[in-house]
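Everything on this sheet refers to the single structure shown next.
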Amino acid sequence: MDRPAGDRAGGGVEHVHQATDMGEIARRLRQLIVASDEYRRTMASAIEVSTTEAAVLGQLLHEGPLTPTLVAARAGLTAGSATSLIDRLATAGLVERTPHPDDRRRVLVELTPRGLSAIETMFALFASDIDEALGRIGPRLVDDVELRGSLADLLSEMAASLRSHATNAGRLRTTLEEATAESPDSSGGNLGA
């Protein structure tokens, strides 16, 4: 049985060009997402935090100090859950609460030196692993700045599209309910149940 290119040893360029239909590209993107989820869980567990906590560390790295309200919003958490998450990260020595410079009634959550070191190391390892994968594809992708730019643009557009659709939960729910209602073995039940 022929295995997908991602499962083959070497995964050379000749296998990449076989993925010309959009269904195959979608399947391979799903493989990437699943692998990325596994990778994130492993990275987070290495510093003994959850993936949500690691994502908050990443937000703080990329955006700088945030209010607890923004931490909650970025992580999709309630205020109470965000407070508990921040408490856990503070207890682990990864973040600290500091006075807000413009409003003494508010605080900011920011990375400690230990937190900064941990999240920067995680991103450096990720970048190294991606470089290694690109190197296995072939020298053209490594050497061709324009091709790498096109790949980066493609990934950004895919992320933006998925993020845009993820913000419309009602549309997704309706589409999925309609699809499952039309299915011959459907019980007509509610997806939310």
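Filter region 84-93 for residues that are of a type in the set (A, V, I, L, M, F, W, C) and either surrounded by fewer than 18 Cβ atoms within 10 Å (Cβ to Cβ) or at positive phi (or both) and give the result.
Ala90, Ala92
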| Quick one: in region 175-193, which of the residues that are open to solvent by 70 Å² or more (accessible area, probe 1.4 Å) and among the polar types (S, T, N, Q) is modelled with the highest pLDDT? | Thr175
| said: Quick test for you: out of Glu132, Glu120, Glu157, pick the one residue that is modelled with pLDDT of 85 or more, out of contact with any Pro (no Cβ under 9 Å at 6 or more places or on another chain) and more than 29 Å from Val71 (Cα to Cα). | reply: Glu132
| Among (1) at pLDDT 90 or above; (2) open to solvent by less than 40 Å² (accessible area, probe 1.4 Å), which single condition is Ala19 missing? | (1)
| request: For region 21-58, enumerate the residues that are without any contact (Cβ under 8 Å) to a residue 24 or more places away in the chain and of a type in the set (D, E, K, R). | output: Asp21, Glu24, Arg27, Arg30, Asp37, Glu38, Arg40, Arg41
| request: Would you tally the residues in region 26-83 being open to solvent by 70 Å² or more (accessible area, probe 1.4 Å), among the polar types (S, T, N, Q) and either outside any helix (DSSP H, G or I) or more than 22 Å from Arg97 (Cβ to Cβ) (or both)? | output: 4
| Some residue of region 110-123 being out of contact with any helix residue (DSSP H, G or I) (no Cβ under 9 Å at 6 or more places or on another chain), surrounded by 13 or more Cβ atoms within 10 Å (Cβ to Cβ) and over 20 Å from Arg41 (Cα atoms) | no
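The values are calculated or read from the model by the stated rules, or taken from the named source; none is laboratory data. Remember, predicted model here, so these are calculated numbers, not experimental data. Positions of Cβ are backbone-derived with ideal geometry, glycine not excepted, and every protein chain shown enters the neighbour counts. The area values use the complete protein model at the heavy-atom level, side chains included, leaving out ligands, DNA and RNA. Shrake-Rupley method; radii C 1.70, N 1.55, O 1.52, S 1.80 Å.
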